[in-house]
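A short worksheet on the structure shown next.
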Ligand SMILES: Cc1ncc(COP(=O)(O)O)c(C=O)c1O
């Protein structure tokens, strides 16, 4: 059975989670078999019910388990052949309204908490880096990014996101736009069609179209990308946000992740995994990456510092699959790194000294508070007239309004007249009629009180 080590550093629930997950992935726990009851297993392991419940909930959230009312938890059916090797065109869409810099209330989904940038620590790390980099400041630096930073990113990704890679696979970039641009240039000789999520993030559509790719919109359901539609498309590359779908917030269950990996392996196709805000999950632990399920597969992993630290720093990274670094170095042999060495070294120091992990935990607590305040305010003011989608993670939720309120353009205009910035959901639609009864409500930039006031004003303005 399962063994829990009370002296280990890993929390008990995480130990249990790992052991059950390993047995599911290796087929030792078979599909549809019932897991012991929470109470039964807790008694058997002499541990608390909380421990067992937390591990079950985590496995449930990732799709390893499903539940039946009053019957308990069961093992999901996975395609084991696709499992990890023994564990080891429509015209461009509407452009975004240019927002004035200051609104009274700003619901833009990319806003961060303005008071939480770690100024003092950052200044200290920056000044130390400056002092220590006299020689390097006279050079161009490593074209793939500072090796100290890549080493920190590698170990962070391994311990927190389950991404397994070598430092040589990591490229430091100045944002997702550049990461995607690199991928498009690198792969465009052999690939011409990129599948994107619809609704989904607009940037990949734009970057790949600008590189003469055809973009194939694939619908998104409650379990993420529609894999049958993907298979029917001509795409040989797929951009996905599996751990927190943008914008709807769903998690791609592990069975679908394995099928997606199988799709990629059926003919040298590539998955572009955008893991942009997966640190921010407010119940249970973050969903592990897709890359970690098949570290040797054709998965290009894209990460960013924009959600936890600052979007203005413009620092991101990509992890190339093991097969690509030689081609990358050949293709970009004359290019230099676009991110400032001092900024790179500052982040590396920040991570090395343990500030990053503490900062992630701090930001998770701050954003959970804001997230809860927003949900409470929506419930208080909109009640039955709105539904919230995609709650529990990230920096935004989707507000689904009752149709009586009016069209997206009118509602945005009326809100703007009251000093409220809203982000149109329609820009996330890659094709078809955009759903005008939905809005992205970002909560990162406002305090709990401001969120309450903003939602109250929104309801009042729209109800007139
Ligand atoms: C889906 C998604 N991916 C990635 C990013 C991060 O992009 P960048 O690293 O360029 O700031 C964002 C930012 O809003 C996003 O919404």
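Looking across 96, 78, one residue alone is modelled with pLDDT under 85 and within 16 Å of the ligand (Cβ to nearest atom). It is 96. Against the test of being closer than 24 Å to residue 140 by Cβ and either away from the ligand (no atom under 16 Å from the Cβ) or outside any loop (DSSP other than H, G, I, E, B) (or both), the options 272, 258, 302, 342 yield a single qualifying residue, 342.
Residues that are modelled with pLDDT of 95 or more, away from the ligand (no atom under 16 Å from the Cβ) and either crowded, with 24+ Cβ neighbours inside 10 Å or assigned to a strand (DSSP E or B) (or both) do not occur anywhere in the stretch 275-290. Within the option set 376, 389, 318, being in the same structural domain as residue 308 (by TED's automatic domain parsing) and either buried (at least 20 other Cβ atoms within 10 Å of the Cβ) or over 30 Å from residue 136 (Cα atoms) (or both) holds for one residue only, 318.
In the set 184, 238, 268, 264, only one residue is under 27 Å from residue 335 (Cβ atoms), modelled with pLDDT under 95 and not assigned by TED's automatic domain parsing to the domain that holds residue 395; that residue is 268. Restricting attention to the stretch 419-428, does a residue exist that is surrounded by fewer than 17 Cβ atoms within 10 Å (Cβ to Cβ) and touching a helix residue (DSSP H, G or I) at 6+ places or on another chain (Cβ under 9 Å)? Taking every residue of the stretch 419-428 in turn, at least one turns out to be surrounded by fewer than 17 Cβ atoms within 10 Å (Cβ to Cβ) and touching a helix residue (DSSP H, G or I) at 6+ places or on another chain (Cβ under 9 Å).
Yes or no: the stretch 51-60 includes at least one residue that is within 20 Å of residue 439 (Cα to Cα) and either at pLDDT 85 or above or under 26 Å from the mean Cα position of the chain (by Cα) (or both). Among the residues of the stretch 51-60, not one is within 20 Å of residue 439 (Cα to Cα) and either at pLDDT 85 or above or under 26 Å from the mean Cα position of the chain (by Cα) (or both), which makes the answer no.
Screening residue 312 against (1) in a loop (DSSP other than H, G, I, E, B); (2) exposed (fewer than 15 other Cβ atoms within 10 Å of the Cβ); (3) within 16 Å of the ligand (Cβ to nearest atom) leaves a single unmet condition, (1).
Results for (1) within 16 Å of the ligand (Cβ to nearest atom); (2) in a helix (DSSP H, G or I); (3) closer than 20 Å to residue 250 by Cα; (4) within 20 Å of the chain's Cα centre (by Cα), shown as yes or no for each residue.
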| residue | (1), (2), (3), (4) |
| --- | --- |
| 149 | yes, yes, no, no |
| 164 | no, no, no, yes |
| 184 | yes, yes, no, no |
| 189 | no, no, no, no |
| 209 | no, yes, no, no |
| 216 | no, no, no, no |
| 220 | yes, no, yes, yes |
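Take the residues in the stretch 166-182 that are more than 19 Å from residue 290 (Cβ to Cβ) and crowded, with 24+ Cβ neighbours inside 10 Å, then tell me which one is farthest from the ligand (Cβ to nearest atom). So, considering only residues that are more than 19 Å from residue 290 (Cβ to Cβ) and crowded, with 24+ Cβ neighbours inside 10 Å, the one farthest from the ligand (Cβ to nearest atom) is 172. Condition check: farther than 18 Å from residue 103 by Cβ and at pLDDT below 95. Does residue 405 satisfy that? It is true that residue 405 is farther than 18 Å from residue 103 by Cβ and at pLDDT below 95.
The values are calculated or read from the model by the stated rules, or taken from the named source; none is laboratory data. Quick caveat: nothing in here was measured; it's all calculated off a predicted structure. Don't worry about glycine lacking a Cβ; one is built from the backbone with ideal geometry, like all the others, and counts go over all protein chains shown.
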